[in-house]
Amino acid sequence: VQLGAGRFVVNHLVRIGKAITLRGAGAGKTTLEKTDGAVMLSYQPKDAQPLVIVGPSRWTKPDEATARPLLADGAKGASAIRVAGLQGVKAGDIVLLDERSGARWMPDPLGRGKVWASPDWRVTWQLHDPRWSADDPLEATTPTGGPAAAWFSRRDRPVGEVKEVASVAGDAVTFTTPLHSDYRVERGAELVRFTGDNVHVRGAGVEALTLLGGSDGALRFEAAARSWARNVEVSRWIGEGIAVTHGFRVEIRDSYVHDGAWSSPGGAGYALSLSNGSAEVLVENDILVHANKVMVARSAGAGSVVAYCYADGGFILGSEGWIEVGLNASHMAGPHHVLFEGNEGFNFDSDKTHGSSTRMTVFRNWLRGVRRPFTNPQTRNVVDDAASKRNGPKRCAGAGAYTYGMNYVGNVLGEPGKMDGWVYEGTGRNAMGKPSIWLLGWDDASPQPWDPSVAATALRAGNWDWLQQKQSWEQGVPGPLPDSLYLAAKPPFFGAAPWPWVDPATGKTGVLPARARLEAGTPNDVR
């Protein structure tokens, strides 16, 4: 469906429910605007609706009645599982594979009594005994007294991934891609179908247009598979700029998400969101700036890649001195196995606000430690982290408490000539008050506790930092690193620019095309 240049008023959402592409004349040329939706600096739209939904309906969910238990553990890296009672499952189906958290009361490594966590610390909920002020108001409890939240997953099943069925034979289901985690019988691992109005839409795209005023998100992929957004600009929205829910192999590329309407915590101002088991999502060559959080992953992300994006200016409206989490796959229990490659951002971190995330890989990124100067939308004052001693916490590579099994390899940390007053390793109580290359295991409670297991379980190898002005190998054997962990060759959007653009052996960084587009004043100019 081809739209010409111009402005189109969309006060009732557009839903793409089949394999078509909605294409404009170019982002910045074709605009879909909700005129009764989001207004800058307001959380109260006249009407709360997205602009565009790719999927069967606004709200999707798996069919609980079709849940079937695994007959044997599903092993990470395997492509097949055995399931009891496969009636109705067939090749081509999109299904959800998940398991219970297995949580119970565990001694809190932060010294706050007990915390509700799995014995292997795969999942840690934000719930304590005795309760404390930052605990979640989680929806319900399990028979043993802990949370069974169902905000972005099936109840008490935050670890999962959406899969595509390749074949079915007897009790064996083979998927088109391997499992990204173990799924265990002892944790009640199950396969669940999507039925009726929840069956995935395949092969649908949104391209070459601008979306303004979305007030329940702007562009939502709801139960979409092998679908995409390309050269899409999103601005002035409430909720998520681009959201992927129950998605499989959705691509978000060459796009520009900027300047949310209400950049405050609570879900109103996220540039990008993956949720509800969404898996193998590719986020590539995008610009994500000036929102509360530039991205979140909520019980989702398995096998996803966030690559060659420019992410900056994450802030809290009215508290702009607080340096938000930047590149991340966190903000609800359960995210796992996401690759971050070749991005530029003010930090990588992982928050524990609604539970833990684990087992991410951060490879060949440039993590500066501070945001580039930006303008406070309320006071119009310039926010400059580098010039303000009060702005913080300043960190290049971080991970909040309960964030275990992280991999940081081949990154460039900090900026040359700008590391006066920084320390290499922020650790112990009150560490967030020190500008730090590494801030692993921190917590923003007062007084500040510390989780030493975050650093102890992390792999740090071959990272360059501009404080020491050298490459360090905390773990691993020094040696050459691959150009990429997911690409076989230089991506075409780099053109004549050198690739890889991040060199951890020397600390040199080249041209990131996404940032170059933004600085040239042509953020929507993609080839």
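The values are calculated or read from the model by the stated rules, or taken from the named source; none is laboratory data. Quick caveat: nothing in here was measured; it's all calculated off a predicted structure. Heads up, the Cβs are rebuilt from the backbone with ideal geometry, glycines too, and the neighbour counts pull from every protein chain shown. These area figures cover heavy atoms from the full protein model, side chains too; ligands, DNA and RNA do not enter into them. Shrake-Rupley method; radii C 1.70, N 1.55, O 1.52, S 1.80 Å.
For this structure, a couple of remarks:
- Alpha-carbon centroid distance for the pair the range 222-299 / the range 178-207, whole angstrom: 19 Å
- Overall form of the range 282-371: oblate. Here a/c, set by the Cα gyration tensor axes a ≥ b ≥ c, is 1.5 or more, and a/b is not larger than b/c.
- Amide H within-cut-off set for Thr30, under 5 Å, with H built and near neighbours excluded: Gly6, Ala25, Thr210
- Three principal axis extents describe the C-alpha atoms of the range 1-160; from largest down they are 59, 46, 27 Å.
- Theoretical gain in end-to-end length, Lys470 to Asp420 [0.36 nm per residue, Cα-Cα removed]: 16.4 nm
- Measuring spread by the Cα atoms of the range 424-494 yields a radius of gyration and Dmax of 16.2, 49 Å.
- For the range 185-190, Karplus couplings with θ = phi - 60° (6.51, -1.76, 1.60), whole Hz, Gly/Pro x: 4, 5, 9, x, 4, 9
- Between the range 488-520 and the range 450-471, the alpha-carbon center distance in angstrom: 24 Å
- Listed pairs Lys18/Lys163; Lys76/Lys434; Lys114/Lys163 exceeding 29 Å between Cα atoms: Lys76/Lys434; Lys114/Lys163
- Evaluated at q = 0.26 Å⁻¹, the base-10 log of the normalised Debye intensity for the range 161-245, with identical point scatterers placed on the Cα atoms, takes the values -1.32.
- Karplus (6.51, -1.76, 1.60) ³J(HN,Hα), θ = phi - 60°, over the range 200-205, in Hz, Gly and Pro reported as x: 5, 8, 10, x, 10, x
- Taking all protein chains as they are arranged and a probe of 1.4 Å, the heavy atoms of Ser42 leave approximately 30 Å² accessible to solvent.
- Averaging the sequence gap over all C-alpha pairs within less than 8 Å and six or more residues apart, then dividing by the number of residues, gives the chain a relative contact order of 12 percent.
- Whether the range 447-526 is rounded, prolate or oblate, judged on the alpha carbon gyration tensor where a/c under 1.5 counts as rounded: prolate
- Separation of alpha-carbon centers, the range 339-356 and the range 1-62, rounded to whole Å: 28 Å
- Where the range 237-350 is the region considered: accessible area per residue in Å², 1.4 Å probe: 13 Å²
- Heavy-atom surface of the range 482-527, accessible at 1.4 Å and reported per residue (Å²): 55 Å²
- For the peptides 446-459, 341-354, 160-173, residues were scored by their other Cβ atoms within 10 Å and the scores averaged per peptide; the highest-first order is 341-354, 160-173, 446-459.
- Ligands, DNA and RNA left out, the 1.4 Å accessible surface of the chain is 53% carbon and sulfur atoms.
- Scaled radius of gyration (Cα, divided by 2.2 N^0.38 Å) that the range 302-455 gives: 0.98
- Once backbone amide H atoms are built at 1.01 Å from N, Arg372 has Gly313 as its partners under 5 Å, excluding neighbours fewer than 5 places away on the same chain.
- Prolate/oblate/rounded label for the range 1-96 (Cα gyration tensor, a/c 1.5): prolate
- Taking amide H as placed 1.01 Å from N in the peptide plane, Phe221 has its amide H under 5 Å from the amide H of Val54, Ala243, Val244, Thr245, each at least 5 places away in sequence or on another chain.
- Per residue solvent-accessible surface (Å²) - the range 359-425, probe of 1.4 Å: 39 Å²
- Backbone phi angles across the range 54-64, fed through the Karplus curve with coefficients 6.51, -1.76 and 1.60 (θ = phi - 60°), yield HN-Hα couplings of 9, x, x, 6, 5, 10, 10, 7, x, 8, 4 Hz in residue order; Gly and Pro are listed as x.
- For the chain, the percent of C-alpha pairs falling in each 20 Å distance bin, counted from 0 to the bin holding the largest distance, reads 23, 58, 18, 0.
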